[in-house]
Structure formats: structure tokens, C-alpha cells
1. Compute the Kirkwood hydrodynamic radius of the stretch 1-144, taking the inverse of the mean of 1/r over all pairs of distinct Cα atoms, and give it in Å to one decimal.
2. How large is the Kirkwood hydrodynamic radius of the stretch 123-222, in angstrom, based on all distinct alpha carbon pairs?
3. Given the Cα atoms of the stretch 243-329, and with Rh set as the inverse mean 1/r over their pairs in the Kirkwood sense, what is Rg to Rh to two decimals?
4. Which order do you get for 150, 302 if you rank them by accessible area with a 1.4 Å probe, largest at the top?
5. Taking N as the number of residues in the stretch 184-262, what is its Cα Rg relative to 2.2 N^0.38 Å?
6. Where both partners of a DSSP beta bridge lie in the chain, what percent of those bridges are antiparallel, to the nearest 5?
7. Please list, in order, the residues from the stretch 56-82 whose amide nitrogen is less than 19 Å from a point placed 7 Å along the Cα→Cβ vector of residue 148.
8. As a test question: what accessible area, to the nearest 10 Å², does residue 31 have when a 1.4 Å probe is rolled over all protein chains in place?
Amino acid sequence: MSDKTPKGNGLTYAEAGVDIDAGNALVKRIKPLVKATSRPGADSDIGGFGGLFDLKAAGFKDPVLVAANDGVGTKLKIAIDTGIHDTVGIDLVAMCVNDLVVQGAEPLFFLDYFATGALDVEAAATVVGGIAEGCRIAGAALIGGETAEMPGMYAAGDYDLAGFSVGAAERGSVLPRSDVKPGDVVLGLASAGVHSNGFSLVRRIVERSGLAWDAPAPFDENQTLGRALLAPTRIYVKPLLAALKESDGIKALAHITGGGLPENLPRVLPDTCCAHIDLSTIALPPVFGWLAEAGGVAQPEMLRTFNCGIGMVVVVAAEAADKVSEILTRQGETVSRLGHIEQRVADYVVFNGDLSA
């Protein structure tokens, strides 16, 4: 192939819409952020063709690997429309690592995928900064990722995110356990807000309300509506790992994401059991009260779409419930006693009472 450029009609990759220099600038910007997530088993250097992790150095003897991947959904549209990019990276990590810890696994490392039409280095670096912060909170190393600049695939300013995480648990300790039975107690850990599910409905409600993203939030006038709705998904990893280490009473965990309590609790229950949940025990965050009122959303739809204030459920042996609650409270969680496990007759989740603000 000739190295001579045809006169008058030579094209470059940059003219086609892909800026390699911008990509290199982004890598340079995020290297310190990535390095800050280093942990035993990973050095968190980036730039190679793949990330390495040493399970032996991380202290595992006979590990089972657990993997999860996820995205942030249409919550990204609010970040893009408001120009607030510093929290969705935390969401991305949370949606993956919370799915690992519910199986009793410690998150080990994380990789991200950032796709856009034209790379905005400042916005992308801010997003990755959030990813690094999420990894720090979860104790996972950010060992790699991919930035894809794809002209014509995305509108100006748009981007998409995907995350991939791997964790490990010692063989024999994977959750849920097989001994979930009637009489076990159901605990709930408070969410930080809407988290990362139901945002197609959230955006429709905001559109109906006529409020701008920079207007004071009706449920929190100390923040703009956009900033309040972008409150990042809570990461429950370290408190739950501490509780699993200090007590053998935890039998199952459920991350409350899309589908809410009715769809996620059954995933960790045996066919013979159901969970009886007293909705009056849930301290409904103001954001959900506003969404229900402004959107005219009925309680069953709220429960199937949103976490409604409970981001994680813990099924625990009755005799260990107080100890597990104390451990989780000491670790900074707000714990509610939601109900108990009974013999299943029909539904896997039975609700009593009503949600109230």
C-alpha cells in the first residue's frame, strides 16, 4: 500500500468523525482515577489488551466466580439533558456489584464500556470519575474498559454505558441458601432514591408536570429536580460483606431493581415459601410520594416499577435478626423489619397495609 496521499481528496479518521487524539487524552485523564481503585489482586493499570486479576493474592482458597453486567437505562437521558455526569458512573457500578453481593460474592474487578458519537473528553472523564468512585465504595478494582466513538450512531451529546463486574465467593458460601423456611425474618435496607430503574416513567411524569430539570425539586427544594433524581444508586457491598462475615444467619439477599419487591424477592425464595411484607413498615422517601401523586400512579404499579424506598432485602433466621440488624446499622444502613417468611399458598410475595409518605 502506498504511503502517498492522493491530492485533493485525502481523508483522515478525524474527518470521518473519530478523534484518536481525544481518546488518548481521555486515557491520560482517567489513569489516576483508575489507579486509585487498586486492591489486592489487581494493580489497576490500564492500557493493555486485557485486565489481569490474581485470585490467590486476593486471599481466596477455593473460589467460585460470579459475574454480572448491567447499564443505567434512561436515567442517562437526565444526565445528558442536565449536563450532570458525575453520578451515573456510580449507578453503573452499583447495578453490577449489588447483583454480585446478593450471591454472597465479594466484587473483585470492574470494566466499563462508554459509547458515544463524538467524544467529549471532559464529560467522559467525569463519567469515569463516577465509575472509579463506585469501584472505591465497592472495593472493586477498575482494571479496564472500552471507549467507542461511533459517528452517526448517537445524537450530539448522547452516550451510553455498560458495566461488567466479576466477584468471588468461597465454595459452599454462595447465596441464597437452601434452608429458607417459614419463620425467617425479612429485613429491608433503605434506598437512596429511585436508583436506576423506572426512569422511562419518571421522565414521562416530569414531562407531564411541566417542570424544568433546573427547577427546585418539589420533594426537596434544596436541590434542582435534575440533581435530586440523579441521586446515585446505593452500594450495599461492604455492609453486607461485614454482616455475612460476622453472622451466619443471613440466608438470602435480593437486590430490588426493575420489577420492585414483587418481582425480585421471588428470585431468592424456594417454591414452598412466600414473603409477607407489611408496607406500613417502609419509610417512603418523598420522591416516590411525588411521583405517585404527579403521575397518578397506583400503588401496585409503584411497587412493580420502583424500589419504593427499599433497595436491598435480607432474609435472615429469626434468632439472628436482631444481631444482623445491629451489624448493618453499625455499618451505616437504615434497616426496617419488613415481615416474615410463610408457607406459600399462591403468590410468592403477599403485601399487607399501604405505602405512606
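1. 17.0
2. 18.8
3. Numbers: Rg = 14.5 Å, Rh = 14.3 Å.
That ratio equals 1.01.
4. From most exposed to least exposed: 150, 302.
5. Here the answer is 1.43, to two decimals.
6. The antiparallel fraction comes to roughly 75 percent.
7. The answer is 68-77.
8. Surface open to solvent at residue 31 totals about 100 Å².
The values are calculated or read from the model by the stated rules, or taken from the named source; none is laboratory data. Keep in mind that what you see is a predicted model, and the values were worked out from it rather than measured. Because the Cβ atoms are built from the backbone with ideal geometry, glycine has one as well, and the counts that use them run over all protein chains shown. Heads up: the accessible areas ignore ligands, DNA and RNA and are worked out on the full protein's heavy atoms, side chains in. Shrake-Rupley method; radii C 1.70, N 1.55, O 1.52, S 1.80 Å.
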